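Notes follow once the structure below has been shown.
The values are calculated or read from the model by the stated rules, or taken from the named source; none is laboratory data. Here the structure is a predicted model, which means the values were calculated and not measured. All Cβ positions, glycine included, derive from the backbone under ideal geometry; neighbour counts span all protein chains shown. Quick note on the areas: whole protein, heavy atoms, side chains included, nothing else; ligands and nucleic acids left out. Shrake-Rupley method; radii C 1.70, N 1.55, O 1.52, S 1.80 Å.
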Amino acid sequence: MAQDHDTATTIDRLSLLRSILVGVLAVLAALTAGHLIAGLLNPNASPFYAVGNSAIDLTPAPLKDFAVRNFGTNDKLVLLAGMAVVLLLVAAIAGIVSRRSPLPGVVVATLLGGLGIVAVLTRPDTDVIDVLAPLTSLVAGVGVFMWLHGVAFRTTTVDGSGRRQFLYTVAGIGIAGVSGQLLGGSVEDSRTAVGDLVPATPAPPIPAGADFPQLGTPRFLTSNRDFYRIDTQLDVPRLRAEDYVLRIHGAVEKQLMLRFADIRRMRLVERTITMTCVSNEVGGPYVSTSNFIGVPLRDVLAEAGVKPGAEQLFSTSVDGWTCGTPVADVLDRGLLAIGMNGEPLPAEHGFPARMVVPGLYGFVSATKWVVDMEFNKFADKQSYWLKRGWGRQAPIKTQSRIDSPSGFATVGPGRTTIAGVAWAQPRGIAKVEVRADNGPWVTAELAAEVSTSTWRMWRAELDLAPGLHTVDCRATDKTGYRQTEMRVPPIPDGATGWHSTTFTVQG
Ligand SMILES: Nc1nc2c(c(=O)[nH]1)N[C@H]1C(S)=C(S)[C@@H](COP(=O)(O)O)O[C@H]1N2
Ligand SMILES: [Mo]
């Protein structure tokens, strides 16, 4: 009988390197196979993301606050990278403990697969059928592990066929992963199909002189790309306009189910609104302005008929995040937004539909991917961040920020221009003052006002001697309230305190 061309030499255990490679390749195969099936069924069922999103929801609030404070919008990247490192370590260890028999590795692969299954089954944005994705991961993980283990065992030297089989495995993993990503991309097609949004009532044009970008302030309208992003989602929930249904129920005369086409058919308005995140530190970046296109919530809710006793609009997103908004604010100036700056909402800002209520921090008003609106009393249901120690009522606090000079900059000799932004939605900004080195306050020049629902840029010129200086700013809103100097942290309902910047004037 012809001998196997692998020249089978009997060995009793794998080399360290090979055992690690077997473990790591099996885990990668498991993840990408699951990602591929999730691409077909429901991108939210991709096991890696499902586990990560569950981890975010289970994270204790102080740790979460720490992550947002220290990593900001990169907190997701940090978590993803951390998960990847841990997973690779587990995979390597699974390989190492399986140098003689594949059994320990099979047990580890099964446990990891089980974790994916539990995560997908308990996610709010998945159905039971989506369990096929992590199940595929489990089968692929165990199967590839046993198969590669066998290949590695049969070929003691990395000769032709063993190496080829490893290479095929790597190529297969790559193809599965990329296909999963491509298949899951259908939200972009859905956005393209929605096309440009033309409001019946466009927002008035932004007047010239509403911003001073040449002096270092942001542009008045933030581009969709630059708009700050804050949410609890690792990946972006992928909800297509064609599949979208918004349920309105609870304390209403009539329950409603609205499809995206129903909303689009209503009278669309465009409003320039500055959104702010409660997590923003004094001087921080979580504030942006957009032309939102949508339907006033008052109009959306007219047919449902909100009952007089309702206090809270308790909204839920497709990913299960929840938010409680006072009904009075919702009916006064809330918007069910479907567009930003002429385009359908970008996926990461809530496509196909989200809430926006000027004057309230995002965590109590701005539900993205909103699919459920229930009217009730505040005592009936607690929202996501309320359960984690943040406030129930969270109107935006009067704030101002110095954008230029930036901290520790060196500016040329002569008069120094200080420029920045201030906001107090929906009250509006009446005055901004600056002072250098605890000296007298100087009133800044305000840019043209666009509306009381937006930020307002300002600038001031100071005569400063060469050397190091510290400049503070403070705003007064149109109710006459002047920003307090008292520093409080963002939790529970927004930071206060004056922003300052320290810089050097050249001689
Ligand atoms: N579904 C969902 N909606 C959400 C959030 C979230 O975590 N999930 N975060 C809220 C918070 S805290 C803010 S500040 C705004 C930010 O909206 P943006 O990412 O479009 O800027 O969205 C709000 N809507
Ligand atoms: Mo926020």
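When you scan region 123-157, how many residues do you find that are open to solvent by 20 Å² or more (accessible area, probe 1.4 Å), part of a helix (DSSP H, G or I) and modelled with pLDDT under 85?
Going through region 123-157 one residue at a time, the tally reaches 2.
Listed here are the residues, each with its yes/no results for (1) away from ligand 1 (no atom under 14 Å from the Cβ); (2) in contact with a strand residue (DSSP E or B) (Cβ under 8 Å, 6 or more places away or on another chain); (3) open to solvent by 10 Å² or more (accessible area, probe 1.4 Å); (4) modelled with pLDDT of 95 or more.
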{"position": "PRO285", "(1), (2), (3), (4)": "no, no, yes, yes"}
{"position": "LEU313", "(1), (2), (3), (4)": "no, yes, no, yes"}
{"position": "THR322", "(1), (2), (3), (4)": "no, yes, yes, yes"}
{"position": "ILE338", "(1), (2), (3), (4)": "no, yes, no, yes"}
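Could you tell me whether region 396-405 includes any residue that is among the hydrophobic types (A, V, I, L, M, F, W, C) and within 25 Å of the chain's Cα centre (by Cα)?
Scanning region 396-405, I find at least one residue that is among the hydrophobic types (A, V, I, L, M, F, W, C) and within 25 Å of the chain's Cα centre (by Cα), so the answer is yes.
Answer yes or no as to whether ARG459 is touching a residue at least 60 places away in the same chain (Cβ under 8 Å), open to solvent by 50 Å² or more (accessible area, probe 1.4 Å) and assigned to a strand (DSSP E or B).
Judged against the criteria, ARG459 is a match.
Looking at THR476, THR454, THR484 in this structure, which one is in a strand (DSSP E or B) and either polar (S, T, N, Q) or touching a helix residue (DSSP H, G or I) at 6+ places or on another chain (Cβ under 6 Å) (or both)?
Only one candidate qualifies: THR476.
Given the criterion open to solvent by 80 Å² or more (accessible area, probe 1.4 Å) and farther than 29 Å from ALA152 by Cβ, identify the matching residue among ASN70, ASN53.
That would be ASN70, the only listed residue that is open to solvent by 80 Å² or more (accessible area, probe 1.4 Å) and farther than 29 Å from ALA152 by Cβ.
Which one is nearest to GLY195 (Cα to Cα), of the residues in region 258-278 that are open to solvent by less than 30 Å² (accessible area, probe 1.4 Å) and within 16 Å of ligand 1 (Cβ to nearest atom)?
Checked region 258-278; the qualifying residue nearest to GLY195 (Cα to Cα) is THR272.
Could you tell me whether ASP299 is acidic (Asp, Glu) and part of a loop (DSSP other than H, G, I, E, B)?
No, not satisfied.
Looking for something open to solvent by less than 50 Å² (accessible area, probe 1.4 Å) and within 16 Å of ligand 1 (Cβ to nearest atom) - is there at least one such residue anywhere in region 158-179?
The answer is no; no qualifying residue exists.
How many residues, within region 196-215, are over 15 Å from ALA337 (Cα atoms) and surrounded by fewer than 18 Cβ atoms within 10 Å (Cβ to Cβ)?
Of the residues in that region, 9 qualify.
How many residues are open to solvent by 10 Å² or more (accessible area, probe 1.4 Å) and either within 16 Å of ligand 2 (Cβ to nearest atom) or hydroxyl-bearing (Ser, Thr, Tyr) (or both) if we restrict to region 367-387?
6
Restricting to region 88-113, name every residue that is open to solvent by 60 Å² or more (accessible area, probe 1.4 Å) and in contact with a Phe, Trp or Tyr (Cβ under 8 Å, 6 or more places away or on another chain).
Answer for region 88-113, where residues must be open to solvent by 60 Å² or more (accessible area, probe 1.4 Å) and in contact with a Phe, Trp or Tyr (Cβ under 8 Å, 6 or more places away or on another chain): there is none.
Here are some conditions: (1) assigned to a helix (DSSP H, G or I); (2) touching an Asp or Glu at 6+ places or on another chain (Cβ under 7 Å). ARG219 meets all but one. Which one does it not meet?
(1)
Any chance you could count how many residues in region 407-424 are in a loop (DSSP other than H, G, I, E, B) and touching a strand residue (DSSP E or B) at 6+ places or on another chain (Cβ under 6 Å)?
The number of residues fulfilling the criteria is 4.
Could you say whether any residue in region 289-303 is buried (at least 20 other Cβ atoms within 10 Å of the Cβ), over 18 Å from PRO202 (Cβ atoms), small (Gly, Ala, Ser) and within 16 Å of ligand 2 (Cβ to nearest atom)?
No, region 289-303 contains no residue that is buried (at least 20 other Cβ atoms within 10 Å of the Cβ), over 18 Å from PRO202 (Cβ atoms), small (Gly, Ala, Ser) and within 16 Å of ligand 2 (Cβ to nearest atom).
When region 186-238 is examined, which residues are found to be away from ligand 1 (no atom under 16 Å from the Cβ) and of a type in the set (Phe, Trp, Tyr)?
Within region 186-238, PHE212, PHE220 meet the criteria.
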